[in-house]
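The values are calculated or read from the model by the stated rules, or taken from the named source; none is laboratory data. Nothing here was measured: the structure is a model prediction, and the numbers come from that model. Methodologically, a virtual Cβ is constructed for each residue, glycine included, from the backbone with ideal geometry; neighbour enumeration extends over all protein chains shown. The protein model used for the area step is the full one, side chains on, heavy atoms only, and it has no ligands, DNA or RNA in it. Shrake-Rupley method; radii C 1.70, N 1.55, O 1.52, S 1.80 Å.
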Amino acid sequence: GTEFYIPFSHVDLKASDLLIFRVGQFVVPIGAFNEYQYPDFLRKTVGSPIAMREIVPALWSDVGIEVRGKAVGERGRAVNYAVFAVNGLEHKDPDPSDDAVPEGGAIRAMRRSARDKTSSNKAVGGRLGATLAENADVGLSGYTGAYTADGERRLTILDADLALHRFSFTLRAEGAVWAGADGFALI
């Protein structure tokens, strides 16, 4: 059969700007790219940046629930947050009949899983962002969840991002670290 992929399909219930409930398949808010997406992140390069391929998969969407919101203060300052529980990333087992799950694998390949069919463990995470002034945004994100069907192996991702805007120029920086059964990586 043919398969197709819809990156997000969710319903938002908005009590106020500070309290929005989201349910369905949504983009997981880990890192600035997955939080803000297009058109801010249209790139002029041939391939994705290494961090978007190997550490924080982009575009990364999953099925679950999320609570998010934003509070705007004086002089353009704002705080935003998102907290979620999703099915989670899953390492594909090439041979489920052999009772062995190979360790590791590409994080990007763990997206688009049917994790809810193999495990009731849910992954959790969140993002806290702030606009410090009209021209500076910062964010911290985190994710943790089992990535094997037996729940024995976990993956944790921590991410920090910064954006500085001046005139028509924007400088973005993002750093991420993940830790799993195979060790850790920092980008």
Report task. Hand me the list of strands (runs of 3 or more DSSP E) wholly inside region 123-184 holding 1 or more residues that are surrounded by fewer than 15 Cβ atoms within 10 Å (Cβ to Cβ) and more than 13 Å from the chain's Cα centre (by Cα). Result -> 123-133, 154-166, 169-180
Query - Any chance Y38 is of a type in the set (F, W, Y), out of contact with any Pro (no Cβ under 7 Å at 6 or more places or on another chain) and at pLDDT 90 or above - result: no
Query - Matching residues in region 59-84 - criterion: being modelled with pLDDT of 95 or more, open to solvent by 30 Å² or more (accessible area, probe 1.4 Å), of a type in the set (A, V, I, L, M) and touching a Gly at 6+ places or on another chain (Cβ under 8 Å) - result: V79, V83
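Before we move on, is E90 modelled with pLDDT of 70 or more, part of a loop (DSSP other than H, G, I, E, B) and touching a strand residue (DSSP E or B) at 6+ places or on another chain (Cβ under 9 Å)? Explain how you work it out, then say what you get.
Working: modelled with pLDDT of 70 or more: yes; part of a loop (DSSP other than H, G, I, E, B): yes; touching a strand residue (DSSP E or B) at 6+ places or on another chain (Cβ under 9 Å): yes.
Criteria met by E90.
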Query - Verdict on V56 being more than 18 Å from L162 (Cβ to Cβ), open to solvent by less than 40 Å² (accessible area, probe 1.4 Å) and at pLDDT 70 or above - result: no
